[in-house]
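Input: a single structure, listed below in structure tokens.
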Amino acid sequence: MAIQEVKTYNFQSIFSLQLVEFEKACIVNEPKQVDDYKIFWIKEGKGTYNIDFKSYSFNGNVLFFLSPGQVFTVDSEKIKEAYQLSFSRDFYCIQTHDTEIACNGVLFNNVYETPFVSPTNRDTEKLNFILSNLIEEFELEETAQYDMLQSFLKQFIIYSVRIKKGYDTVKEDLETKLFKDFSLLVEQNFKKLHSVTDYAKRLGVSPKSLTKHFQKIGTQTPSDFIKNRIIIEAKRQLIYSSDAIKHIAFDLGFNDPAYFSRFFTKSAGQSPKQFQKEQKS
């Protein structure tokens, strides 16, 4: 990245805040796997990012959120001002939070929705206020700094959740609730449960009824949803794991590595070996 200026605040390698100013456009083609939870606030700029092998473009004031394990690539960006909050699971996720602001809540561990959220001018003022308090606390290094920093991070996350919930226009109807319940079940079980029937039983509906619910909200079929989640994880492991392809297949719930290879090839357009070679070359 063509960084003009960087100011970094760190707390015990488990929480950090970076203030970054860019001027030139840049391209980073090498995919990187995210180690910590990250919140990016791009106050002014534009660009195209790949997140878990899917391309997203933005222009203007946006927030986006990444979780450990996700794969992130910069296709292009031209940014004047940005902030990055990074924190480990031990710093924030071990605490008991409301489900919406937890590490598996609205913002994080969600590979199924567009990651960008656009704050309004009023939202921006409130986020600026929280960040200024956070920076002041980093600089003071006073008693109980851990608790104060965690408190300000929590405030930032709470307000980000409120922005996202206001940004989402989908009504909280039966179909939407079922979709969220289904996506959570898939996230928890995709390595061992691959059929729509398995998930439909756990949700107390028939596979046919589940498919109809998905059609009503205009999303992909439950079967494609499950397949896509498996493919995302397969791609992550093919790039970053040192395991043999057959062991990756077993980890993802495939008893037959040859079937896994056919499954991956049909979805990704190339074999696991070809994909791995192309990404690592």
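Within the option set 115, 31, being part of a strand (DSSP E or B), modelled with pLDDT under 85 and under 25 Å from residue 268 (Cα atoms) holds for one residue only, 31.
Would it be correct to say that residue 226 is outside the structural domain of residue 115 (by TED's automatic domain parsing) and either buried (at least 17 other Cβ atoms within 10 Å of the Cβ) or farther than 29 Å from residue 32 by Cβ (or both)?
Values: outside the structural domain of residue 115 (by TED's automatic domain parsing): yes; either buried (at least 17 other Cβ atoms within 10 Å of the Cβ) or farther than 29 Å from residue 32 by Cβ (or both): yes.
Taking the combined requirement at face value, the residue satisfies it.
Across region 84-104, the number of residues qualifying as closer than 27 Å to residue 54 by Cα and either buried (at least 19 other Cβ atoms within 10 Å of the Cβ) or at pLDDT 70 or above (or both) comes to 10.
Pairs needed: first member in region 203-221, under 10 Å from residue 182 (Cβ atoms); second member anywhere, of a type in the set (Val, Ile, Thr) and in a loop (DSSP other than H, G, I, E, B); C-beta distance under 8 Å; at least 6 residues apart or different chains. Listed pairs, sorted by first residue: 213/205; 214/221.
Against the conditions (1) touching a residue at least 60 places away in the same chain (Cβ under 8 Å); (2) at negative phi, residue 73 satisfies every one except (1).
Please work out if residue 261 is outside the structural domain of residue 64 (by TED's automatic domain parsing), more than 25 Å from the chain's Cα centre (by Cα) and surrounded by 13 or more Cβ atoms within 10 Å (Cβ to Cβ).
yes
Being exposed (fewer than 15 other Cβ atoms within 10 Å of the Cβ) and touching a Lys or Arg at 6+ places or on another chain (Cβ under 6 Å) is the filter here; which residues of region 45-62 pass it? Correct list: 59 only. Of all the criteria given as (1) assigned to a helix (DSSP H, G or I); (2) surrounded by 15 or more Cβ atoms within 10 Å (Cβ to Cβ), the one not satisfied by residue 128 is (2).
The values are calculated or read from the model by the stated rules, or taken from the named source; none is laboratory data. Quick caveat: nothing in here was measured; it's all calculated off a predicted structure. Because the Cβ atoms are built from the backbone with ideal geometry, glycine has one as well, and the counts that use them run over all protein chains shown.
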